[in-house]
Amino acid sequence: MAKPNPSAATDKTYKLTRDAAPLSYMLPVRNSRRFPLLWYDEKNNVNRALRYAVNQKSPFEDEQDGNAIIEPVIFEDGLLFVPRTSPALQEFLFYHPMNGTIFVEVNQAQDAEKELQMMNEEIDAVSEARKLNLDQLETVARVLFGKDVSNISTPELRRDVIIFAKKNPKLFMNSLSNPELEMQSKVQSFFDKKLIQIRGNGKEVWFNTPTNKKKMLGVPFGDDPKVMALSYLQSDEGLDYLKMLENCLSSAD
């Protein structure tokens, strides 16, 4: 790890990586058994103890004199501003073992790039959602929401799909590129129309067509009945039953 360049000194801001930062967070500033603050010096093959002292030029104890004045380092509302006139503190934070885990330096350009990427993903997802025809809308909605969409109006359906795409752009786009999307939607339709049913407290899946009331399969503990039904109907054994269910679904429509 390269040492910070003093000639490129600038004001720096640091932020806690926690989603919900406390109002005040005190960073460990000296090496101790409870909070080991050590930096491994590869050149000399030694661990060097860190200590922040406001009256010292170096953040390393072995380069400080005996008159070190220890001061707390406190994040307020998750943020810590360190001006370029405090190079010792900036260097201490650079070497601090919690750098990258508990706190990070704010990089406005990098943050803006990430935010722009997220905005573009959101725009692309919403754009794709708006292009879907009614059949595609119903297919996507059945898979994403896992419910019967036959009684939902087209405007409601499109609104719900667009809202989902905006909030979950990656998941939405992945669902569009999933080759099993149509099959998943079809199986959901079988459940919606009660052509197949889950019984026995979720432990069994049964056919429920006019000509077939037999048990399809048993569901092992912890498995999803709908996923099991999907797998079965895609198997060699289940293909004939799939055609039967498709015919029943067409008749029901």
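Just one of the numbered conditions (1) crowded, with 17+ Cβ neighbours inside 10 Å; (2) closer than 30 Å to residue 220 by Cα is not true of residue 171; which one?
Condition (1) is where residue 171 drops out.
Taking segment 64-73 as the region of interest, how many residues are surrounded by fewer than 12 Cβ atoms within 10 Å (Cβ to Cβ) and farther than 23 Å from residue 104 by Cβ?
4
Checking the conditions here, which among 90, 136, 110 is modelled with pLDDT under 90, surrounded by 16 or more Cβ atoms within 10 Å (Cβ to Cβ) and in a helix (DSSP H, G or I)? Talk me through it step by step, then tell me what you get.
On the way: 90 fails: modelled with pLDDT under 90; 110 fails: surrounded by 16 or more Cβ atoms within 10 Å (Cβ to Cβ).
So the residue among 90, 136, 110 that is modelled with pLDDT under 90, surrounded by 16 or more Cβ atoms within 10 Å (Cβ to Cβ) and in a helix (DSSP H, G or I) is 136.
Which residue is nearest to residue 245 (Cα to Cα), if the candidates are limited to segment 139-190 and must be β-branched (Val, Ile, Thr) and assigned to a helix (DSSP H, G or I)? Steps first, answer last, please.
Here is the first cut: in segment 139-190, the residues β-branched (Val, Ile, Thr) are 139-140, 143, 149, 152, 154, 161-163, 187.
With assigned to a helix (DSSP H, G or I) added as a condition, the list becomes 139-140, 143, 154, 161-163, 187.
Details: 139: 17, 140: 20, 143: 18, 154: 25, 161: 27, 162: 30, 163: 32, 187: 9 Å.
Ranking the candidates gives 187 first.
Among all residue pairs at least 6 apart or on different chains, which show Cβ distances below 8 Å where the first residue, located in segment 161-182, is touching a residue at least 12 places away in the same chain (Cβ under 8 Å) and within 12 Å of residue 126 (Cβ to Cβ) and the second is not hydroxyl-bearing (Ser, Thr, Tyr) and not in a helix (DSSP H, G or I)?
161/132
Would you be able to tell me the number of residues in segment 21-64 that are assigned to a loop (DSSP other than H, G, I, E, B) and among the aromatic types (Phe, Trp, Tyr)? Step through it out loud before you land on a result.
Initial filter on segment 21-64 (assigned to a loop (DSSP other than H, G, I, E, B)): 21-23, 28-29, 31-37, 42-45, 52, 54-59, 64.
Next, only the ones that are among the aromatic types (Phe, Trp, Tyr) stay: 35, 52.
Total meeting the criteria: 2.
Just to verify a result, which residue in segment 113-133, among those that are basic (Lys, Arg) and closer than 30 Å to residue 193 by Cα, is surrounded by the fewest Cβ atoms within 10 Å (Cβ to Cβ)? Before you say what the answer is, go through the steps one by one.
The first filter runs over segment 113-133 and keeps only residues basic (Lys, Arg), leaving 114, 130-131.
Going one step further and asking which of them are closer than 30 Å to residue 193 by Cα, we end up with 130-131.
Numbers: 130: 11, 131: 8.
Here the answer is 131.
Return the residues of segment 225-253 that are under 14 Å from residue 186 (Cα atoms), free of Cβ contacts under 8 Å to residues at least 12 places away in the same chain, charged (D, E, K, R) and not in a loop (DSSP other than H, G, I, E, B); say none if nothing qualifies.
243
For segment 201-224, state whether one or more residues are assigned to a helix (DSSP H, G or I) and either outside the structural domain of residue 247 (by TED's automatic domain parsing) or touching a helix residue (DSSP H, G or I) at 6+ places or on another chain (Cβ under 9 Å) (or both).
First, pick out the residues of segment 201-224 that are assigned to a helix (DSSP H, G or I): none.
Checked segment 201-224: no residue is assigned to a helix (DSSP H, G or I) and either outside the structural domain of residue 247 (by TED's automatic domain parsing) or touching a helix residue (DSSP H, G or I) at 6+ places or on another chain (Cβ under 9 Å) (or both).
Sort through 142, 159 and tell me the only one that's basic (Lys, Arg) and surrounded by fewer than 18 Cβ atoms within 10 Å (Cβ to Cβ).
On the way: 142 fails: surrounded by fewer than 18 Cβ atoms within 10 Å (Cβ to Cβ).
Going through 142, 159 in turn, the sole match is 159.
Could you tell me whether segment 200-218 includes any residue that is surrounded by 15 or more Cβ atoms within 10 Å (Cβ to Cβ) and among the acidic types (Asp, Glu)?
There is at least one residue in segment 200-218 that is surrounded by 15 or more Cβ atoms within 10 Å (Cβ to Cβ) and among the acidic types (Asp, Glu).
Checking the conditions here, which among 76, 61 is in the same structural domain as residue 28 (by TED's automatic domain parsing) and either closer than 25 Å to residue 22 by Cβ or exposed (fewer than 15 other Cβ atoms within 10 Å of the Cβ) (or both)? I'd like the intermediate steps shown before the answer.
Details: 61 fails: either closer than 25 Å to residue 22 by Cβ or exposed (fewer than 15 other Cβ atoms within 10 Å of the Cβ) (or both).
Within the list 76, 61, the selection yields 76.
The values are calculated or read from the model by the stated rules, or taken from the named source; none is laboratory data. A quick note: this is a predicted structure, and the numbers were derived from the prediction, not measured. Positions of Cβ are generated from backbone atoms using ideal geometry, with glycine treated the same way; all protein chains shown enter the neighbour counts.
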